[in-house]
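Notes follow the structure.
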Amino acid sequence: PDELSHFCTQFVVETFCVENHRFSKLSRRTNDNEAPVRRSGRLSGSPNALVSIRRTRQSTIKIMGASESTSKSPRKKKEDETHIPKNATCVEDFGYYWKNVKPKKPEHEYYLQMLQKDTDKPFEFKGQKHYDALGDVVTNYIYDLMVKDFDLDTFNLPLKEDLPEDYDGALAKCFMSKDAYTADKLMLIVQGSGSVRAGQWARSLCINQTLYHGTTLPYMHRARERGYAMIINNPNVNYYVDDKGKMQKIPHSDSPEAQLVYLWRKVVSKCAAKDIVIVAHSYGGVATMHLVADPSTEVDVRDRVRAIAFTDSVHSRMWGFVKMSKKAKRFWGDIARNWSLSS
């Protein structure tokens, strides 16, 4: 039985490794009512999932006594940090500038690409720390565009009233239209997981392609044209490092799911809009699922949300793990739709 178990494990893992790309595409097309699929590591299609699968495969090969080499990779050299500018505030400090690469397109489509000043070439990877530092200033630039081009107000989560008096940790910076509390129609934009911050679908696309591909800005323009007020949360600001160097959870915002539920209870529930739509990308679909299922928000969500639009959402893989009432499930099936690439 043990030998047979090892053989089956090897067969399954090798199938995942060989066909992972095709399998990821198929998994994105699954119907929301199908049974969830559990994967190793993070959700399928992510780099962490591949790493986990490969490690499992190496362990299986060792157990089976296979002759395939599983030697360790050489130790990586310490990253050179001399090319990371100190106190950088903009991409120009890194030797880049923003260029409209499709000048014939309307400005509100944000075909802005980050190019090198000297060569006009696109982004060049110089190490993870450099990439993260550059990503921080790109995030701040997008924040500035949201405030300047859309006249949005900023607010922090959690609210001051829900924090201890001596709290000095991080807060999640969120955005809302000036008429968010009084407008008849409201759009709630929810990002995916990872390094993305408010206003971004994918940080890598903002850096390697254009803001049209990587940000929520074009969506926001269309929402404003159609008379929607907007609220954009910041679901991935969940932890901070304290003075002792320890990782600490942000109250009411220690996960994307918790932050979205808190945002609804404290902000959205006080908005006058009777017609609310939600646009959620990737893991934002899972956070939205929790919002619909949570007893503290379920009734208000069912009463006022008219449509939920998912883009390449991964919520179907969590189906069955999030408890929903019968009314919530019926509501979900009636108004939620998921769009994903067919190839």
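The values are calculated or read from the model by the stated rules, or taken from the named source; none is laboratory data. Fair warning: this is a prediction, and the values are worked out from it, not measured in the lab. Don't worry about glycine lacking a Cβ; one is built from the backbone with ideal geometry, like all the others, and counts go over all protein chains shown. These area figures cover heavy atoms from the full protein model, side chains too; ligands, DNA and RNA do not enter into them. Shrake-Rupley method; radii C 1.70, N 1.55, O 1.52, S 1.80 Å.
Here is a list: Arg302, Arg337. Which entry is farther than 19 Å from Asn156 by Cα, charged (D, E, K, R) and assigned to a strand (DSSP E or B)?
Selected residue: Arg337, the only one of Arg302, Arg337 that is farther than 19 Å from Asn156 by Cα, charged (D, E, K, R) and assigned to a strand (DSSP E or B).
Condition first: assigned to a strand (DSSP E or B) and open to solvent by less than 40 Å² (accessible area, probe 1.4 Å). Now tell me which residues in the range 141-171 satisfy that.
Within the range 141-171, Phe155, Leu157 meet the criteria.
Under the condition of being in contact with a Cys (Cβ under 8 Å, 6 or more places away or on another chain) and assigned to a loop (DSSP other than H, G, I, E, B), which residue from the range 222-237 is nearest to Val267 (Cα to Cα)?
Here the residue is Asn233.
Residue by residue through the range 211-241, note down the ones that are open to solvent by less than 40 Å² (accessible area, probe 1.4 Å) and out of contact with any helix residue (DSSP H, G or I) (no Cβ under 9 Å at 6 or more places or on another chain).
The one that is open to solvent by less than 40 Å² (accessible area, probe 1.4 Å) and out of contact with any helix residue (DSSP H, G or I) (no Cβ under 9 Å at 6 or more places or on another chain): Ala223.
Just the residues that are open to solvent by 60 Å² or more (accessible area, probe 1.4 Å), in contact (Cβ under 8 Å) with a residue 40 or more places away in the chain and over 18 Å from the mean Cα position of the chain (by Cα), please, taken from the range 113-140.
Residues satisfying the conditions are Pro122, Lys126, Gln128, Lys129.
Confirm whether Tyr219 is closer than 24 Å to Trp264 by Cβ, hydroxyl-bearing (Ser, Thr, Tyr) and not in a helix (DSSP H, G or I).
no
Could you please find all residues in the range 242-256 being open to solvent by 10 Å² or more (accessible area, probe 1.4 Å) and either touching a strand residue (DSSP E or B) at 6+ places or on another chain (Cβ under 8 Å) or in contact (Cβ under 8 Å) with a residue 60 or more places away in the chain (or both)?
Within the range 242-256, Asp242, Met247, Gln248, Lys249, Pro251, His252, Asp254, Pro256 qualify.
What about Ala273, is it out of contact with any Ser or Thr (no Cβ under 8 Å at 6 or more places or on another chain), touching a residue at least 40 places away in the same chain (Cβ under 8 Å) and open to solvent by less than 20 Å² (accessible area, probe 1.4 Å)?
yes
Any residue at all in the range 199-207 that is surrounded by fewer than 24 Cβ atoms within 10 Å (Cβ to Cβ), in contact with a Phe, Trp or Tyr (Cβ under 6 Å, 6 or more places away or on another chain) and under 23 Å from Trp98 (Cβ atoms)?
Yes; the residues of the range 199-207 include at least one that is surrounded by fewer than 24 Cβ atoms within 10 Å (Cβ to Cβ), in contact with a Phe, Trp or Tyr (Cβ under 6 Å, 6 or more places away or on another chain) and under 23 Å from Trp98 (Cβ atoms).
Only one of these is within 20 Å of Tyr111 (Cβ to Cβ), modelled with pLDDT under 95 and either open to solvent by less than 50 Å² (accessible area, probe 1.4 Å) or small (Gly, Ala, Ser) (or both): Val286, Val196. Name it.
Step by step, each of Val286, Val196 is checked, and only Val196 is within 20 Å of Tyr111 (Cβ to Cβ), modelled with pLDDT under 95 and either open to solvent by less than 50 Å² (accessible area, probe 1.4 Å) or small (Gly, Ala, Ser) (or both).
Can you pull out every residue in the range 83-108 that is of a type in the set (S, T, N, Q) and surrounded by 14 or more Cβ atoms within 10 Å (Cβ to Cβ)?
The answer is Asn100, and nothing else.
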